[in-house]
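> Have a look at this one.
Coordinate-derived values only; no laboratory data. These figures come from a predicted structure and were not determined experimentally.
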Amino acid sequence: MTDSGNAAIGNTERIERHTLAVLVVNEPGVLARVIGLFAGRGYNIESLTVAEVERPDPTRGQGLSRITLVTSGTRMIIDQIKTQLERLVPIRRVRDLTEEGPFVGRELALVKIVGESGAENVRRGDVLRIAEGFGARIIDSSESSFVFEVTESTEKVDQFLAMMAGLGRLEVARTGIVALSRGPESI
């Protein structure tokens, strides 16, 4: 596999993008171990989000955190990643949301668009029309800038950014993907 993760080994295996949900015991060093697993084997993490999902209970001990990560590789590499993750001691469960069926995934982006240098205003009408089309919320505005919050699929966030790029200078902060399986199954 090349550094970009887009070429297949021997050009015979297809590179697949997978979203994994990992439930871990919330203790110091867990995230470092997960990242170390990827780094040590040369795997790339395209998106990573982590948050506590269950607070510690004095009777049960430590709480739980959920890691949602997106990675790419051949089927063999994805299987290796899942197997290696399952072997890490603080990990309670690993689910491949891509493989298991439909899931809902969203990403939050804060997007600042600033008018060109010396310009008094960004093209307000165009900016607001595009933002409305994507369901983006105005978080802040001034004479020469806007800050929007957009929560959508990664593809839609990418489209929003592409459309805004021609209207001014962009500054972007993205959360990475959070995802849940559809239906009654849970991690």
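> Tell me the angle of helix 124-133 to the major Cα principal axis of the chain, expressed in degrees between 0 and 90 and rounded to the nearest ten.
With both axes taken from Cα atoms, the answer is about 30 degrees.
> Which of 59, 83, 19 moves the most in a Gaussian network model of the chain with Cα springs under 10 Å?
In the Gaussian network model the winner is 59.
> When the Cα atoms of the chain are enclosed in a convex hull and the volume is divided per residue, what value in Å³ results?
It is 165 Å³ per residue.
> Sum -39500 (n - 2.57) across every DSSP H segment of at least 4 residues in the chain, then divide by the residue count to get the 222 nm mean residue ellipticity, nearest 500.
That comes out to -8000 deg cm²/dmol.
> For the stretch 9-101, compute the orientation-averaged projected area of the C-alpha convex hull (one quarter of its surface), in nm².
6.4
> Now for a different question. Could you state the angle between the C-alpha long axis of helix 75-87 and the longest principal axis of the C-alpha atoms of the chain, as a value from 0 to 90 degrees rounded to the nearest 10?
Value to nearest ten degrees: 70.
> Working from Cα positions, state the angle (0 to 90°, nearest 10) between the long axis of helix 30-41 and the longest principal axis of the chain.
Approximately 90 degrees, to the nearest 10.
> Pull up all non-local amide H partners of residue 74: gap of 5 or more, or a different chain, and H-to-H distance under 5 Å with H placed in the peptide plane.
For residue 74, the qualifying residues are 16.
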